[in-house]
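The values are calculated or read from the model by the stated rules, or taken from the named source; none is laboratory data. Keep in mind the model is a prediction, meaning the values are calculated, not measured. Ideal geometry is used to build each Cβ from the backbone, glycine not excepted, and the neighbour counts take in all protein chains shown. These area figures cover heavy atoms from the full protein model, side chains too; ligands, DNA and RNA do not enter into them. Shrake-Rupley method; radii C 1.70, N 1.55, O 1.52, S 1.80 Å.
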Amino acid sequence: MSSFVVSKEDVKNFVDAPCVSDQEGIMFVYAAPEEVLKSILPPHLTLVAPVICGYVIQIKSPNFGAPYMESVIYTVAQHGDIVGGYSINLMLHGPGAEQGVIVGRDCCGIPKKYADEMELRRMGDQCTAKIVRHGVTLMEIDLKLTGEYNAPVAAGMIGDPAPGDVGTTCSFFHKYNLTQTEKGNCEFSDLKMVTLDMANTTQSWDKGELSIKVASSPDDPYGELEVVQPLGAAWFKNSDCLMQKTTEICELDVEATMPYLMTGRYDRSMMGHKGTYLNI
């Protein structure tokens with residue numbers, strides 16, 4: 001039975017070795033405008049390749065909550081000798097989305113928001129995905145499982161794993177404190193860049209040809225990341241995906257860096273832009 005006071009053991013076990021197991025959905029990559037990607041990267045990161053990678057998946061068995069849908073868009077960046085994915089935004093939807101946001105954003109600094117609707121479908125060799133937020137379809141994916149990517153270069157970006165392969169990834173995220181002051185305003189402080197190392201085990205990976213559309217809502221400028229050329233996608237299943245460790249890399253200047261981090265996490269109504277949303 002729950003209580004408003006938990007045991008010390010419960011505190012100790014809070015989000016211990018988070019694992020987002022039993023994943024299924026679409027992994028994709030497309031070429032995007034190089035100058036746009038360079039302009040949205042924080043100054044301490046360097047663009048490695050002018051691509052947007054991402055996925056739309058269902059996470060069926062997270063070890064910290066109920067199942068939920070999740071999507072991500074990221075590009076490949078570098079800091080010093082570390083190369084990793086820089087996530088621009090993640091969207092979550094479903095019964096376990098709240099826990100997924102808490103684990104990702106609060107614990108690891110991942111830029112997460114809630115979607116209004118997320119959908120994945122597969123009928124034979126035809127797959128589709130859709131992400132909707134604030135009445136706008138931000139992303140539509142069509143994937144035909146032909147056994148080949150649109151372009152061979154896709155394998156270097158999203159891989160081509162065999163069943164049983166264990167892959168590792170490194171991602172750049174940002175953690176900070178946010179506090180209301182005595183003057184009534186809210187201020188950011190103690191900004192740090194971290195890396196998150198993850199390990200996942202592939203169950204299946206079915207390659208195919210990608211068709212993708214992106215569009216913008218007032219709060220989610222996915223259309224800024226124009227599709228120059230679809231490179232490829234796959235319908236995949238992962239049995240395990242363990243969030244292994246988060247490592248602090250460097251401290252950052254708040255004033256110089258926060259403008260790059262806001263949109264992936266917060267809506268414009270939180271930045272002084274008046275917005276009205278009526279719904280029943």
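Couple of notes before you dig in:
- Max mean-square fluctuation residue, GNM over the chain, Cα-Cα springs under 10 Å, options V136, V11, V227: V11
- Under 15 Å from the Cα of K192 - aspartates and glutamates, other chains or at least 8 residues apart: D106, E248, E251, D253, E255
- Taking a ≥ b ≥ c as the square roots of the eigenvalues of the alpha carbon gyration tensor, the stretch 1-144 is oblate, as a/c is not under 1.5 and a/b does not beat b/c.
- Taking every DSSP helix (H) stretch of at least 4 residues in the chain, weighting each as -39,500 (n - 2.57) and dividing the sum by the residue count yields a mean residue ellipticity at 222 nm of -2000 deg cm²/dmol.
- Accessible area of the chain belonging to carbon and sulfur atoms, whole % at 1.4 Å probe: 51 percent
- Using a Gaussian network model of the chain in which every pair of alpha carbons under 10 angstrom is joined by a spring, one finds that among M139, M91, M262 the greatest mean-square fluctuation is at M262.
- FRET efficiency for the S211 to E34 pair, using the beta carbon distance and R₀ = 22 Å, is estimated at 0.50.
- Only Lys, Arg (+1) and Asp, Glu (-1) charged, at Cβ; the chain dipole about Cα centre in debye: 380 debye
- On a per residue basis, the chain carries 51 Å² of accessible surface, using protein heavy atoms and a 1.4 Å probe.
- Exceeding the 19 Å Cα-Cα cut-off - candidates K38/K113; K112/K274; K130/K213; K113/K175; K12/K60: K38/K113; K112/K274; K12/K60
- Debye, to nearest 20: dipole size of the stretch 85-193, +1 on Lys, Arg Cβ, -1 on Asp, Glu Cβ: 180 debye
- Cα shape, the stretch 72-136, gyration tensor, a/c 1.5 rule: oblate
- Partners of K8 within straight-line reach, counting lysines whose Cα lies under 25 Å from its Cα and excluding those fewer than 8 residues away in the same chain: K245.
- Most mobile listed residue (G208, G124, G159) in the chain, GNM with C-alpha springs under 10 Å: G124
- Proximal lysines to K207, defined as alpha-carbon separation beneath 16 angstrom and excluding residues fewer than eight positions away on the same chain: K144, K237
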